[in-house]
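Everything below concerns the one structure shown next.
The values are calculated or read from the model by the stated rules, or taken from the named source; none is laboratory data. Fair warning: this is a prediction, and the values are worked out from it, not measured in the lab. Neighbour counts run over all protein chains shown; Cβ positions are idealised from the backbone, glycine included.
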Amino acid sequence: MKTIYKALASTAAIAAAGIAAPALAQDAVSGEAQASEQAGQYDAIIVTARRREETLLDVPVAISAVGSEQLERYAATDLQKIGQLVPQVILAKTGGGGAGASFTIRGLGSSALDAGIDQTVSLNIDGLQISRGRLVAQSFFDVEQVEVLKGPQALFFGKNSPGGVVSVRTKGASSKLEGYVRAGYEFKADERIIEGAISGPITDTLGFRIAARGSKMDGYIRNNAGPITLPSDPTHPSIGAANGRDPGTREILGRITLEWNPSNDFDATLKVFGDKLRDHGETSGTELLCDGGSRTLDLLGGVFVADPYSDCELNGERTLGAFNPEIGAAYPGSNGGVPETRYESLLTSLTMNYRAGGLNFTSVTGFWTYTNDGFDNFAFDSTPTVAGANKDHSEAFTQELRVNSDFSSMLNFAAGLFFEDSSRNTRGNGFIANVGTDPRYDTYHNWQLLTDNSGKTYSVFGQLILDLTDTVELAGGARWTRETKRTSVGNSYVNQNFAPFGITAEEGLFTSGKFADEQVSPEATISWRATPETTLYAAYKTGYKSGGFSNPSILSAGQTINDLGFAPEKADGGEFGFKGELLDRRLMLNATVYRYTFKGLQLTSFNPSPPSFTIRNAASARTTGVEIDGAFNVTPQFTLRGAAGYNKAKYLSFPAAPCYAGQTADQGCNGTTQDLSGTALVRAPKWNLTGGIAYDVDLSNDIGLGLSGDANYTSGYWLLENQNPVGWQNGFARLNATARLFQLDDAWELALIGRNLTNKYYGIAGAEKPFGTPDAVWVNIGRPREILLQGTVRF
């Protein structure tokens, strides 16, 4: 196997030869459009940023559109990999409980440490608007196009999009019977993949598409945990690693699409997308980073216990111990003490379009639900000291109605209504010390926290589009939003042996409250079609993310609903942009200059009374930057592409930021808080650079060869909101490459795909190790080197 691996790695490296400068992630625009065989021109890219089909050149929005060919070229089949294809975008799965994810665009994102927070960057899946981050866990395949809209998008996408929107459009039904089967093997993680789709007409007016995918991975992280005995609990040693490799993902997912076109005036599309995933726990993609070795406080013993198996480096190795089977057997939801995640989701959308004269009416009805249930050792090492059996069930029904005019006159309009009815329930069985079994139930966990959350959203938007001249367009509009939320939080159970410590609120005491708010979010743009091949625009935009209530892992003694509430997050600012299709449409060039201010930033902050960390409106911030991307078809077979982004994202005011563990007064800690005003936001690198090539050549009348490679560079950034120095990620470079052998009529393809060929281990999110020493933080790592051999047969 080592010989095969080396040979594959060498082949991928050869395919990458000739790549120019280092850079970050490949821009969507630069990779999607393909040269025609005759002239080397780019095809027009159609986007729906303004909820109507427009060419990328026409739409006055900073948008990147990654097409299916680019997604397949690098096997980008989940949101984390898709995010790497677009500069200044991080879509991260996180492993410390809480929201389970953090989505960031231009340095603006959400805390991952609290299940009660919505994402600052919203997802739109086949028209279904979703603001919960848990969907980052599942795969997305058989995708037609991904659009990334940067900056506030309140007018057309509503609440919870002040940072931007990631819109995923999956493939639809085809006019003739066709399909594909694809199988692959990734050598680094021993990942096996098979997927396929079949599509075609059922009748003259009804078409279908069925797509399915299955994968099983051993893992790209070695778990070296061994047995450890706590001084306070000598009879229940941990058993070490339950699994030798992580994350150990197993996933099955599928999608059914029905398209009905009974007339030229009406069409309807139903999509049902289901997913079932298992892995080795929420922390299975994490490693521990520390200076002096991993040590964990034994609360009852009053001493720190060293983990001799941990190396405290980001190197593809970690230690995570399973709990003693006796404890696991009497710990509800703990899977017998073995870390595991069980995730299931269902996404459905029904889109109907009706055209009458110059009016286009659209209805999008959606329902989504997911359940994330699992157990993990949140000490992040071999010691069995901190654990949680956490369950999160969320669902929402949405209904959107829109009308767009398409008159030949100088004035057009867009308007719409939106309604959402959502609910979220969480359960957390927490454990921080073995105080023995509760005499009432014979269970070991220390407490059970329950939350019950519900909400309703009503929204109306309108926009007028005025053609001042044949080349100048003025557009302006606003969205009104009213939102209500209700929550109930409390400890439904407290172990009788744990209650005397006074850490938790008493058993059965619930605190509840209601949040209500109204917002008006205006937007205005002016665009000038200077020539048929160029567009310049200026835009003023606003954004809004709803307030609500924190869902902590425990309701502390004395905590009430007033300690858990937080207000909306708001954004406003503007951007100037240029888009061009130059040199006879062989050169695509885009540039954006932007500046946005964010107020009431929802971050993890310290609340001194009672002592706890919750979501609060702790800061204001500003992002200022420049983005440039382009692609040049040197010949119809040879393309150069590149992008550069400079982003200065800083807190304007963050006087009550939490101190990092061990921070002294000389280092800026004022008891429990520090002032981070003027410093950089978390996960906000200043520089993102990318450059790449693509070359296709006919080897014969039937066979073609395709080579592509991209180098990318990201400058340094903070991994932790409290700016613990251990959590600084230095700048790094990555190299991706693909070599494809294919039949010219697309009947089959054999591809060797290399990602992160430099095998760089880097962090994408993290937090301080619970009950650890000041030098210890846990880090979600980006996936290291991947070498994927993949074959596709189309029919």
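Being in contact with a Lys or Arg (Cβ under 7 Å, 6 or more places away or on another chain), on the phi < 0 side of the Ramachandran plot, small (Gly, Ala, Ser) and surrounded by fewer than 22 Cβ atoms within 10 Å (Cβ to Cβ), is that true of even one residue in the stretch 764-781? No: the stretch 764-781 contains no residue that is in contact with a Lys or Arg (Cβ under 7 Å, 6 or more places away or on another chain), on the phi < 0 side of the Ramachandran plot, small (Gly, Ala, Ser) and surrounded by fewer than 22 Cβ atoms within 10 Å (Cβ to Cβ). Residues in the stretch 534-572 that are in contact with a helix residue (DSSP H, G or I) (Cβ under 8 Å, 6 or more places away or on another chain), more than 25 Å from Phe461 (Cα to Cα) and not polar (S, T, N, Q): Phe549, Pro552.
Can you find, within the stretch 750-795, the residue that is nearest to Val136 (Cα to Cα) among those that are among the basic types (Lys, Arg) and assigned to a strand (DSSP E or B)? Walk me through it before giving the result.
From the stretch 750-795, those among the basic types (Lys, Arg) are 755, 760, 769, 783, 785, 794; that's our starting set.
With assigned to a strand (DSSP E or B) added as a condition, the list becomes 755, 794.
Working: Arg755: 19, Arg794: 29 Å.
Restricting to residues being among the basic types (Lys, Arg) and assigned to a strand (DSSP E or B), the top hit is Arg755.
Within the stretch 717-738, being within 17 Å of Tyr761 (Cβ to Cβ) and polar (S, T, N, Q) holds for Gln729, Asn730, Asn736. Residues in the stretch 513-535 that are more than 30 Å from Thr55 (Cβ to Cβ) and either among the hydrophobic types (A, V, I, L, M, F, W, C) or loosely packed, with under 15 Cβ neighbours inside 10 Å (or both): Lys514, Phe515, Ala516, Glu518, Val520.
Consider the stretch 536-586. How many of its residues are surrounded by fewer than 19 Cβ atoms within 10 Å (Cβ to Cβ), in a strand (DSSP E or B) and of a type in the set (A, V, I, L, M, F, W, C)? So the count comes out to 5. Please find, within the stretch 756-795, the residue that is modelled with the lowest pLDDT out of those that are basic (Lys, Arg) and in contact with an Asp or Glu (Cβ under 9 Å, 6 or more places away or on another chain). Once the filter is applied, the top-ranked residue is Lys769.
Please list, ordered by residue number, the strands (runs of 3 or more DSSP E) wholly in the stretch 225-343 having 1 or more residues that are in contact (Cβ under 8 Å) with a residue 60 or more places away in the chain, under 30 Å from Thr365 (Cβ atoms) and not aromatic (Phe, Trp, Tyr).
Working: elements: 250-260, 266-279, 286-289, 295-298, 303-306.
The qualifying strands (runs of 3 or more DSSP E) are 250-260, 266-279.
Contact map, the stretch 728-741: first residue over 30 Å from Val793 (Cβ atoms), second residue aliphatic (A, V, I, L, M) and not in a strand (DSSP E or B), Cβ cut-off under 8 Å, separation 6 or more or different chains; pairs are Trp728/Leu719; Gln729/Leu719; Arg734/Leu757.
Going through (1) touching a residue at least 24 places away in the same chain (Cβ under 8 Å); (2) under 30 Å from Val634 (Cα atoms) one by one, Ser700 falls short only on (1).
So for the stretch 105-120 (the condition being surrounded by 24 or more Cβ atoms within 10 Å (Cβ to Cβ), part of a strand (DSSP E or B) and either at positive phi or in contact with a helix residue (DSSP H, G or I) (Cβ under 7 Å, 6 or more places away or on another chain) (or both)), does at least one residue qualify? Within the stretch 105-120, none of the residues are surrounded by 24 or more Cβ atoms within 10 Å (Cβ to Cβ), part of a strand (DSSP E or B) and either at positive phi or in contact with a helix residue (DSSP H, G or I) (Cβ under 7 Å, 6 or more places away or on another chain) (or both).
No other residue among Thr398, Thr348, Thr371 is among the β-branched types (Val, Ile, Thr), part of a strand (DSSP E or B), crowded, with 20+ Cβ neighbours inside 10 Å and within 23 Å of the chain's Cα centre (by Cα) apart from Thr398.
Please go through the stretch 673-687 and pick out each residue that is within 27 Å of the chain's Cα centre (by Cα) and in a loop (DSSP other than H, G, I, E, B). It would help to see each step written out before you state the result.
From the stretch 673-687, those within 27 Å of the chain's Cα centre (by Cα) are 676-687; that's our starting set.
If the condition is that a residue be within 27 Å of the chain's Cα centre (by Cα) and in a loop (DSSP other than H, G, I, E, B), then Leu676, Ser677, Gly678, Thr679, Leu681, Arg683, Ala684, Pro685, Lys686 are the ones that fit.
Whenever a residue of the stretch 71-90 is on the phi > 0 side of the Ramachandran plot, its partners that are among the small types (Gly, Ala, Ser), lying with C-beta atoms within less than 7 angstrom and at least six residues away or across chains, give the pairs Gln88/Gly645.
Let's see how each residue does on (1) under 26 Å from Thr94 (Cβ atoms); (2) buried (at least 20 other Cβ atoms within 10 Å of the Cβ); (3) aliphatic (A, V, I, L, M):
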position: Gln602; (1), (2), (3): yes, yes, no
position: Arg616; (1), (2), (3): yes, yes, no
position: Phe632; (1), (2), (3): no, no, no
position: Pro658; (1), (2), (3): yes, yes, no
position: Ala661; (1), (2), (3): yes, no, yes
position: Asp666; (1), (2), (3): no, no, no
position: Thr679; (1), (2), (3): yes, no, no
position: Asn688; (1), (2), (3): yes, yes, no
position: Asp702; (1), (2), (3): no, no, no
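Considering the stretch 228-259, the residues that are closer than 30 Å to Ser349 by Cα and among the β-branched types (Val, Ile, Thr) include one that is nearest to the chain's Cα centre (by Cα), namely Thr249.
Yes or no: Gly254 at pLDDT 95 or above, closer than 30 Å to Ala112 by Cα and small (Gly, Ala, Ser)? Walk me through it before giving the result.
Details: at pLDDT 95 or above: yes; closer than 30 Å to Ala112 by Cα: yes; small (Gly, Ala, Ser): yes.
Yes: the conditions hold for Gly254.
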